[in-house]
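These notes are about the structure you will find just below.
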Amino acid sequence: MKLAVFDVDGTLNETERYAVRAYRETLLAVGRPAPPDARILALFGEPPQRIEDVLLRGCGPQVRGEFARLIVKKESELMRKYGKAYDGTAEMLRELRQKGIRTAVCSNTTAEHIRSVLSAIRLTDLIDYSQPLEGGGTKTDSLRCLLKKTRPEAACMVGDRRFDKKAARDNGIPFVGCLYGYGRDEVLDADFVADSPREVLRGVLRLLG
């Protein structure tokens, strides 16, 4: 079995369609100033704890708790209205499966959030396995757990941020860097760089032989 492992935000999910607005409105609701959009975009794909540390620096547990509750509600609301996969993503995943390559997601978020996103962007039926962030682990740990559970003969990681690249390197698998995501400069040294989901398909097929 060959396996293509995908990050979600900035790789499959065009997250800025709803998440920037969700963060801005939630920050204002808890009495915090919203940073520039570019600052919010730069946090996409980070673990939730890291996002809170940046956006709520100096805030106590009450504000953090309220923010965590409200952001889930606001993101879910806007995601259902505006959520969308990058153009060509469904076709790319479908073609990989037609060629016998299984698909998985590995994301720095909860299992429930992964399910919600895949449903909103209509990719649920095109993903075979899902691996959320567990405990205090890192993306390297999550990818290792996924590979241990699935035991593919060959695998590659597809993502748009430095921690996707690090997870691939740490687990000894090749990496496709998505230049259309949120960390273009972070993935320029990937084993294959892709400007579109169609290019991702080409990269995965090349790296998995």
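No value in this document is a laboratory result; all are computed from the given coordinates. Treat the numbers as computed from the prediction; the structure is a model and nothing was measured. Methodologically, a virtual Cβ is constructed for each residue, glycine included, from the backbone with ideal geometry; neighbour enumeration extends over all protein chains shown.
So here's what we get for this one:
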| item | result |
| --- | --- |
| Cα-based shape type of the range 49-135, given that a ≥ b ≥ c are square roots of the gyration tensor eigenvalues and the cut on a/c is 1.5 | prolate |
| 13 Å beta-carbon shell around Pro35, net charge (K/R +1, D/E -1) | +3 |
| The chain: angle of helix 197-208 to the longest principal axis, Cα-based, in degrees nearest 10 | 50 |
| On Cα atoms only, tilt of 19-29 relative to the major axis of the chain in degrees | 20 |
| Relative contact order (%) - the chain, alpha-carbon pairs under 8 angstrom, separation at least six | 26 |
| Sites matching trypsin sites (Lys or Arg not before Pro) across the range 1-93 that sit in DSSP coil, with at most 11 neighbouring C-beta atoms within 10 Å | Arg57 |
| Spatial separation of Cα centroids for the range 100-134 and the range 1-42, in angstrom | 16 |
| Ellipsoid semi-axes in whole angstrom, largest first, where each is sqrt(5λ) of the Cα gyration tensor of the chain | 29, 17, 16 |
| Net charge over other residues, Cβ less than 15 angstrom from the Cβ of Leu55 (K, R count +1; D, E count -1) | +2 |
| Cβ-based exposure ranking for Tyr182, Tyr129, in which fewest neighbours within 10 Å come first | Tyr129, Tyr182 |
| Residues Ala154 and Ser196, FRET efficiency given R0 of 30 Å [Cβ-Cβ distance, rounded to 0.05] | 0.80 |
| Net charge of neighbours whose Cβ lies under 14 Å from the Cβ of Lys73, counting Lys and Arg as +1 and Asp and Glu as -1 | 0 |
| Computed [θ] at 222 nm, helices only, for the chain once each DSSP H run of length n ≥ 4 contributes -39500 (n - 2.57) | -14500 deg cm²/dmol |
